[in-house]
Each structure stands twice: as structure tokens, then as C-alpha cells.
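Since the structure comes first, as C-alpha cells, the remarks are kept for the end.
The values are calculated or read from the model by the stated rules, or taken from the named source; none is laboratory data. Fair warning: this is a prediction, and the values are worked out from it, not measured in the lab. With ideal geometry, Cβ positions are generated from the backbone for all residues, glycine too; neighbour counts draw on all protein chains shown. Accessible surface areas use protein heavy atoms only, side chains included; no ligands, DNA or RNA. Shrake-Rupley method; radii C 1.70, N 1.55, O 1.52, S 1.80 Å.
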Protein chains: 2
Amino acid sequence: MADNKKMVEEITSRDVDFAKWYTDIVKKAELIEYSGVKGCMVIRPYGYAIWENIQKSLDKRFKETGHENVYMPMFIPESLLNKEKDHVVGFAPEVAWVTHGGSEELTERLCVRPTSEVLFCEHYANVVKSYRDLPKLYNQWCSVVRWEKTTRPFLRSREFLWQEGHTAHATEEEAWAETEKMLDVYADFCKEDLNMPVIKGRKTESDKFAGAVATYCIEALMHDGKALQAGTSHYFGDGFAKAFDITFTDKDNTIKHVHQTSWGVSTRLIGGIIMAHGDDNGLVLPPNVAPVQVVIIPIAQHKEGVLDKARELLERLKNAGFRVKLDDSDNAAGWKFAEYEMKGVPLRLEIGPKDIEQNQCVIVRRDNREKSFVSLDNLENEVTQTMQKFADGIYQKSLDNIKNRTYTCTTMNDIISAIDKNGDGFVKAMWCGEEACEDEVKDKTGVGSRCIPFDQGGDVPSNKCVCCGKPADKLIYWGKAY
Amino acid sequence: MADNKKMVEEITSRDVDFAKWYTDIVKKAELIEYSGVKGCMVIRPYGYAIWENIQKSLDKRFKETGHENVYMPMFIPESLLNKEKDHVVGFAPEVAWVTHGGSEELTERLCVRPTSEVLFCEHYANVVKSYRDLPKLYNQWCSVVRWEKTTRPFLRSREFLWQEGHTAHATEEEAWAETEKMLDVYADFCKEDLNMPVIKGRKTESDKFAGAVATYCIEALMHDGKALQAGTSHYFGDGFAKAFDITFTDKDNTIKHVHQTSWGVSTRLIGGIIMAHGDDNGLVLPPNVAPVQVVIIPIAQHKEGVLDKARELLERLKNAGFRVKLDDSDNAAGWKFAEYEMKGVPLRLEIGPKDIEQNQCVIVRRDNREKSFVSLDNLENEVTQTMQKFADGIYQKSLDNIKNRTYTCTTMNDIISAIDKNGDGFVKAMWCGEEACEDEVKDKTGVGSRCIPFDQGGDVPSNKCVCCGKPADKLIYWGKAY
């Protein structure tokens, strides 16, 4: 266990310095490496494999809900970006500009897409003619660039990977329904595949996407009590359609503008996984996105029959559909334990001479180190069940974190003292709807508005604005955010 | 059939104007749409679905051969691009330069990756320390940018999608073996999944990749007799390793440079599919990458029982693992026939009242319109077999095209008259190895060197250079190329 301790000591403790703990993990679990360009990261095989699993699950969900994948150019001419006024104001300050192709200066500079609304709009204007062409339910997987000043791996980087859905509909109702449906898809995905509970809600006016009528979002809570906006779904109405002249001839033979939505999640989700589930021993990965779900570690592997048996179990679990790895390297078992704990592998399977004698193996859960002896006759079932318990366990722990760190407040002093006493978390407080109050709460207490939750029921704190005391009918979640 | 004819007439005939035929198809089969940026295209759902199938098959092949996916930044600082001298000379003239982030001018301009050798090298220099860290077998799927003057959808565009493998090895032998292995993976893929035969060979010195010791390639022949470089695999030796200082401590405790390779294929393959298999009725898609493999068209679909039966067959074929579509729209059957011929769907299944009575359906092959009556009792097997015959058929047709259009020549006049008489094609002729002769052949006959085929056997035309007449031991394929 000496090696084990040494390895573990290399990570800063979560409670000592959460930010340092985070960067230790992304580096030491080999998720990323920095590159020569500030804010651009190399996503290494272990990190990229998590993203591939996220993609696979989301892509399936998108296709099941009728969406098709496309690919738009990465460049946006400046004049095209300028077409929708709110949108350009929101994005122009943070785009990267291409000014030269080879040795020639371009006649019009091009920005590297920060998001692709305007490209989809230009395309829809070209190809949508009749109600028969609707809805257009498109998605693309790509990288986008936003020239951020301060950057952190996965959470805020100048280039990041994401998907962006862009849809066009004949009616307002259909577009609203799409906006809601995709938020539900994200929330279900976060629950089922990331084992990460989220709050579904709507952003305030000051916080919505540039060019949107409404922005819906899912907000997760990290271990340190800070919120993470994990995904957004925007309703555009016909604002973009009017700016880009996207019209169609409807069944009644009149010409109408389409109604649009867009929605996206990004590699930021990996940051969410790290901070929602990780601990002082490293990553803790949800089974559905873990590159390795079970690691087999042979004990006393030089003894006759041990490696053979380990390989047999490897094959059995592979055949049962698990992502499984056998580490038969000559590193010490203790080193291996620490290594795969660091990498967040959900289950560790130990098999040694004594186990073989008794036709059993040992299974250890990554989250709570609970150990169980499992008959080899029943291996596949036991692994399935223990994996499910693990997934339920980390979900429940995240849910408890939200429960323990949600503070219901009626005054600004309430907010300050709740956070002072219990640390960061979600603050539930009423709001009158005035932007001035929203700003004042942030200035005086440090928490910004996260979202107006769809679920407005339960323990509504009062009927007065937490800031101005005037009548208020909006329950809002506030918090510090990544 | 009136609609059918009308639709078909919209495509320019292949033999009248091959270039126009090509652009007609990419547009009318809805593979791409042009965007506002010259040379950047919108890949539409039908085109992107082909790419997704290509990706799925190749990605599986890469993983089976031990490769892992990663993601590198899209930006390369100018100083990093400049590190390997041959490489920068090859690529700098055709890169897009980012000079501003938001409103600020960058202190060093960044190019949008035209290929990522230098990024992988920088990363390998960071993470490779010991022989235990080798080999590194990395691949990435991304888009790259090359500021081409003349552009054509899929064949030559300013932005295109591709994969680029980058590997680092402890020994020269291992790196050579990797270079060859990946060329074989590409050739097998072209044969099995694209039903497109290719010639495997090596590029001449003047034609190799900027910075490579050797470039291997696969060359396909299009319907019009022009060659298409469909994929390349490069052996780098330790040239990049020296420029980027990528060293490792070997087993013998000495410090050595790694040996590297890179290899790639791109959305250009879609251009290859179009031009290898397509005809005057539109696309002809290889079953393994076709978004729809079987289209079911109900005949007299208003009659009782027809649509029910069509839906039953849809479910049966879906369950058998086929990508299948039922078109129950109210368009005329003739219109549908033409539409799915245009879209290159391998098999059309017709089912009408008379067929139902006789417990059969009609299956029509897209390539030769061969019609067969198939008992519904045996549907899945018949579809499997007919699909295989279709795949074999288009492969054989492409192979025949190569055979019919390969001209063995011993003099320059031979070359000129062979092409004059038979049209473009592969010219097989000996070469002394002098660049001057290579240039002269191109200047005087119009055909450039395509590759020195691995297979040097068979009907070697002579032992003298086709140009200078001096002794020559290299058989070479020449041709005009996309």
C-alpha cells in the first residue's frame, strides 16, 4: 500500500483547494494536456473516450427524437454574423478572426464559429420553401471557439467540442415544444448516463442567449456548492427568421416565417462529472460513460493459474457487454489499485489464488470502497447489480449534495449568513422580476440568478422579493457558478 | 413514368459533361449546399449520413488495430508550424491565419490546422519519456483548412472533414510496418465498404508529403478515367522527432528519437464514391455506407392491405439489421422510383396488391435495374444475397473500368495516342527515377506520376524509361488526377 499512498498524496485534497484538486485530476487522470495555445487543450485518449461515450448516448437520443446530423462550415463572414443585432452584440467581442488566406489578405474577414445560428439560418433560407420542408431538425457535432480571457480545462476553454441542435418549425407551438423536449432529453441524459441530478428552469431576461426569446437550462451542483450550467435550450421565435428571411408557403398558401430553436451541450459536461462525483482519490466515473467499467487486477499473478483465470473473467465480462480491462503489468497490486481509483473506474475485480480455490472473486466499488465476495458462477449478474448500485449511489450522493446545500432565504442577510455558515450552494429566494434587484442581489451577496425553476411548488419562502420586498411571484435559484 | 423522366432529365449526362454531371449530383441528391464562404460547403443530412457510415467502419478498424482517438487544438502558433522546414514550406502558402481574438490583435498569429503533425509532435515531446510510453497510436476526427484557389465539393474544398492518424514508435521497423498496415486498412476499407478497387503504391520523391521520408497512397480510377488519390500513409523516420525533440529512454538506457507515421482519408472519399459508381440516373451507393439500403415503395398504396404489408416488411428488414425506409408519401410511384435512383439506394422493394396475393414482392437493383420476384417467406435472405450481388457488381464494374482504361506504354507517343484513342486512364510505363523525366512526361503528355505500385510484377512494358530511354527498373502508374 506504500505506492498507493504515495500516488494518492499527489492530488491536492478537495477540501483544501478545490480548484487545485480539479486541475490535479484532469492532468493526473490523463484527461487533458495543455497545448502551446492558451485556452486550447489536448484531449487525451482517456478524456476523449469519455466524450465519445457521451456522444454515442446523446446522438442516439437525438436520432430517436427525429434529428439528423449535418456539418456547417467553421467560418462565418463578418457580414453574416452582423445580420441579427442581439446575436452579434453577444458574440462579436469574443470571436477569433481570420484575416489572411495564405499570403493574401481576405476582402472580408471571417470569424471562427462561436456558435452556428447564422450559418443554419442562411442554409434554411436557401432550402426551406414549403410547409413540406418543415420541420428541419438538424444537429451538428463540432468544435467552436470563444476568445475567453480566463480559461480552465473543460469548464471554459477557447476551443471546445460540443453539439448544437438547430431546428426550424412551421408554428410557434411546435418550436416551444421542441425547446422543452430537448431540455428533457438533456436532463434525462444527465440523470441516466452521468448520474448527475439537475434543476430544469428558465434563465432570466438578462441571462438569456444573445438573440433568443427564452433560454431554458439545466443547472447542476458541484461538490463545492458552485453551480454548473450543464446545457441550454433556446426558443428563438421568428426573430432570426425575420433577420434572415426564412419563409415558407404554408398549407393555406400564405407566406410565413419559421419559428426556431437551438440547444447544446459541450465537453463542459466532463468538468461536471469530475466536480460532481470525484473525490480525494481521483475521478469517479458514471458507468455509462466510463471508458473502463471494470478493471481486473490479478493478485499474486505470478502464481500458476491466476493470469489464466483473470483472462477467462475478462472474456466473460467482455462477452456480457462490459467495457473491461485486465491490468497484467508488473506494477504492484497496490499501485494498480491507486491508479484505477485515480481514473475513476467504477468497479475493481480482484482475483487471486485463494479466490480461485473458492470459486470467487472480490469486487470493490470505487465510490465507497465497499467490498464483496462474488461467486464466479454468478459473476455477470453480480457485476450488473453492483454497477447499478454504484450508479444509484453516486446519483443519490449528488442529490443529497443539492438537498444539503439548498438554502431557502427571505432576505439578503439570510443569503449571506446561509452561505457564510454552510458554504456555497443553491439559494432559493423570491424575486420581483426587476433586473435592478437581480443585480443588487449579486452585488451584495455574491450569488447570481441561476434559473427560474419549472417546479415552482414546494416550500416557497414568501411572496416578497428577497431584495426590494415588493410582491414577487417568481421563485428563483441563485448561486455562484462555473 | 412522366415524372421519372423529368427528374432524370435534370441531371447532365455523364458522357456529355462529367464535371457538370458531378455537381448536378451533389446538389440534386442533396449531399451538399454551397455556403457564403467560397470553398466551404454545408454537408446536408444525406451526405453527412454517408460520412457517418464511413467513420463508423474506419473507426472500428482503427480501434481493432490498437489506435485511440484524441483531440488536438485547431490552432497552430506560427512558430510551431515553422519548426519542421519541409513541412512549413509545403503548408504555409495555403493556411488561414487568425490574427485577432475579439478586438485585440494577437501577439503571434495562429493558423487553422491544415494537418496536425506539429501539434502531435509537441504533445509527444511532452508525454513520451520511456520505451514504456511507446508506441503512441493516436487518431483524430476533425476538420482541416487549406486555402485552395479552385474548389469543388468533396474533392477540393477549403475546409474538409477527415481523420488523421499520428503514431510514434521505438523503432524504424515498427514505424514502417505501421505505415504499410494503415495503407492496407484503407485499401481493405475501399474494397469491402466502398466497393472501390484501388492501386497501392508509393509516391515519387517530388510528390510525397511535406516532411515525409516516404508517402504511400491508394489510387482509385473514376468513371471518366481520371485518378483519385483516396488515402495516404506517410513514414516520417525521425525527422519530426529531431525537429521537435521527441526522445525516450530505451530498454538499454540510452536516449533515442522516436520514429513516426501519419495517415489520413477525408470526405474526398464521398467524391470518389460518386465518380466511381454513379450513372446518368444519379448516385449509386455501396451498401455498407448507404444511409438507406432498401427503400420500400408501395404500389397502389390506397388499396386495402398494401400499406399494412409494406409496414410489416419495413419492420422485418429493420429487425434483420438493414437500413430501410418506407416511402408512403402521396407522390407517384414513378416519382419515387426516380428519387431513390437519384439518391443511389442499392435496392428498391415494390409491393402491391398482386404481389400480396402471391406472397411475393419485387426487388430491383439500382446498378443494373435487374428485377426479381421474391417470396416473402424468404425475404431477409433474398435481400442479403441481392445486396451482396449488387456490391460485387459495382466492385467488378469499377475493376473492369481500371482494366479497360489501363494502357501499357513504352514511349511518350504511345501515351499520347492511347489517351487520344481510349480517353483518360492509368498509363503503365517505366521510369528511370529522374525528376526531370517525370516532369517531361507530364509536360508533353499531360499525365503525372500517380504512384510506383507495390505490385511491380505482371506485364512490365520494357526495361527502359518511357522518357529518356535509359535503363529503368521502376514501373509507374501515370494519369490525370482530381
Would you confirm whether or not the stretch A:178-200 contains a residue that is buried (at least 19 other Cβ atoms within 10 Å of the Cβ), basic (Lys, Arg) and within 17 Å of the chain's Cα centre (by Cα)?
yes
Of the numbered conditions (1) among the aliphatic types (A, V, I, L, M); (2) farther than 14 Å from B:Asp86 by Cβ; (3) in a loop (DSSP other than H, G, I, E, B), B:Ala212 satisfies every one except a single condition; which is it?
(2)
Taking the stretch A:305-343, which residues are under 12 Å from A:Ile356 (Cα atoms) and either in contact (Cβ under 8 Å) with a residue 24 or more places away in the chain or not acidic (Asp, Glu) (or both)?
A:Gly305, A:Val306, A:Leu307, A:Lys309, A:Ala310, A:Leu313
B:Ala170 - would you say it is open to solvent by 10 Å² or more (accessible area, probe 1.4 Å) and either over 25 Å from B:Ala230 (Cα atoms) or hydroxyl-bearing (Ser, Thr, Tyr) (or both)?
yes
Count of residues meeting criterion [outside any strand (DSSP E or B) and either modelled with pLDDT under 95 or closer than 19 Å to B:Glu180 by Cβ (or both)] in the stretch B:453-468:
10
Looking at the stretch B:294-304, which of its residues are closer than 18 Å to B:Ala49 by Cα and either without any contact (Cβ under 8 Å) to a residue 60 or more places away in the chain or open to solvent by 30 Å² or more (accessible area, probe 1.4 Å) (or both)?
B:Val295
Only one of (1) assigned to a helix (DSSP H, G or I); (2) of a type in the set (Ser, Thr, Tyr); (3) touching a Gly at 6+ places or on another chain (Cβ under 7 Å) does not apply to B:Tyr477, and that is (1)
For the condition at pLDDT below 95 and under 30 Å from A:Lys251 (Cα atoms), what is the one hit in A:Lys83, A:Lys129?
A:Lys83
Just one listed residue, out of A:Val98, A:Val127, is crowded, with 17+ Cβ neighbours inside 10 Å and either more than 27 Å from A:Val213 (Cβ to Cβ) or without any contact (Cβ under 8 Å) to a residue 12 or more places away in the chain (or both), and it is A:Val98
Within the stretch B:212-230, which residues are surrounded by fewer than 22 Cβ atoms within 10 Å (Cβ to Cβ) and not polar (S, T, N, Q)?
B:Val213, B:Ala214, B:His223, B:Asp224, B:Gly225, B:Lys226
Search result, residues across the stretch A:413-422 that are open to solvent by less than 30 Å² (accessible area, probe 1.4 Å) and either touching a residue at least 12 places away in the same chain (Cβ under 8 Å) or among the basic types (Lys, Arg) (or both)
A:Ile415, A:Ile419
Can you pull out the residues in the stretch B:314-369 that are of a type in the set (A, V, I, L, M, F, W, C) and outside any strand (DSSP E or B)?
B:Leu314, B:Leu317, B:Ala320, B:Phe322, B:Ala332, B:Ala333, B:Trp335, B:Phe337, B:Ala338, B:Met342, B:Val345, B:Ile356
Strands (runs of 3 or more DSSP E) wholly inside the stretch A:231-293 that include at least 3 residues being surrounded by 21 or more Cβ atoms within 10 Å (Cβ to Cβ):
A:259-266
Look through the stretch A:460-482, keep the residues that are among the β-branched types (Val, Ile, Thr) and free of Cβ contacts under 8 Å to residues at least 60 places away in the same chain, and return whichever of them is least open to solvent (accessible area, probe 1.4 Å).
A:Val466
In the stretch B:368-405, how many residues are crowded, with 17+ Cβ neighbours inside 10 Å and touching a residue at least 40 places away in the same chain (Cβ under 8 Å)?
13
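Matching residues to (1) in contact with a Gly (Cβ under 6 Å, 6 or more places away or on another chain); (2) of a type in the set (Gly, Ala, Ser); (3) free of Cβ contacts under 8 Å to residues at least 60 places away in the same chain:
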residue: A:Ile199; (1), (2), (3): no, no, no
residue: A:Ile218; (1), (2), (3): yes, no, yes
residue: A:Thr249; (1), (2), (3): no, no, no
residue: A:Asn253; (1), (2), (3): no, no, yes
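Yes or no, residue by residue, for (1) within 25 Å of A:Asn53 (Cβ to Cβ); (2) of a type in the set (A, V, I, L, M):
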{"residue": "A:Ala220", "(1), (2)": "yes, yes"}
{"residue": "A:Leu228", "(1), (2)": "yes, yes"}
{"residue": "A:Ile246", "(1), (2)": "no, yes"}
{"residue": "A:Thr254", "(1), (2)": "no, no"}
{"residue": "A:Gly271", "(1), (2)": "yes, no"}
{"residue": "A:Asn288", "(1), (2)": "yes, no"}
{"residue": "A:Phe322", "(1), (2)": "yes, no"}
Go through (1) under 26 Å from A:Ala230 (Cβ atoms); (2) out of contact with any Gly (no Cβ under 7 Å at 6 or more places or on another chain) and name the single condition A:Asn82 misses.
(1)
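Is it the case, given these coordinates, that B:Glu339 is over 26 Å from the mean Cα position of the chain (by Cα) and of a type outside the set (Lys, Arg)? Spell out the reasoning first.
On the way: over 26 Å from the mean Cα position of the chain (by Cα): no; of a type outside the set (Lys, Arg): yes.
No.
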Out of (1) closer than 16 Å to B:Lys56 by Cα; (2) open to solvent by 20 Å² or more (accessible area, probe 1.4 Å), the odd one out for A:Gly36 is which?
(1)
For helices (runs of 4 or more DSSP H) lying entirely in the stretch A:32-138, having 3 or more residues that are in contact with a helix residue (DSSP H, G or I) (Cβ under 8 Å, 6 or more places away or on another chain), on the phi < 0 side of the Ramachandran plot and within 9 Å of another protein chain (Cβ to nearest Cβ) picks out A:117-127
For the stretch B:439-459, the count of residues that are closer than 16 Å to B:Thr411 by Cβ and crowded, with 19+ Cβ neighbours inside 10 Å equals 3
Kindly provide the set of residues from the stretch B:140-158 that are crowded, with 24+ Cβ neighbours inside 10 Å and assigned to a strand (DSSP E or B), ordered by number.
B:Val145
Per the list (1) surrounded by fewer than 16 Cβ atoms within 10 Å (Cβ to Cβ); (2) closer than 30 Å to A:Phe426 by Cα; (3) not aliphatic (A, V, I, L, M), residue check on A:Asn319 breaks on (2)
Which one is nearest to the other protein chains (Cβ to nearest Cβ) among residues in the stretch A:148-177 that are in contact with a Pro (Cβ under 8 Å, 6 or more places away or on another chain) and of a type outside the set (S, T, N, Q)?
A:Glu159
Of all residues being open to solvent by 20 Å² or more (accessible area, probe 1.4 Å) and in contact (Cβ under 8 Å) with a residue 40 or more places away in the chain in the stretch B:20-29, which is farthest from the other protein chains (Cβ to nearest Cβ)? Just the residue, please.
B:Thr23
On the given criteria, is B:Val88 in contact with a Gly (Cβ under 9 Å, 6 or more places away or on another chain) and crowded, with 18+ Cβ neighbours inside 10 Å?
yes
Within the stretch A:437-452, residues of a type in the set (Ser, Thr, Tyr) and in a strand (DSSP E or B) come out as A:Ser449
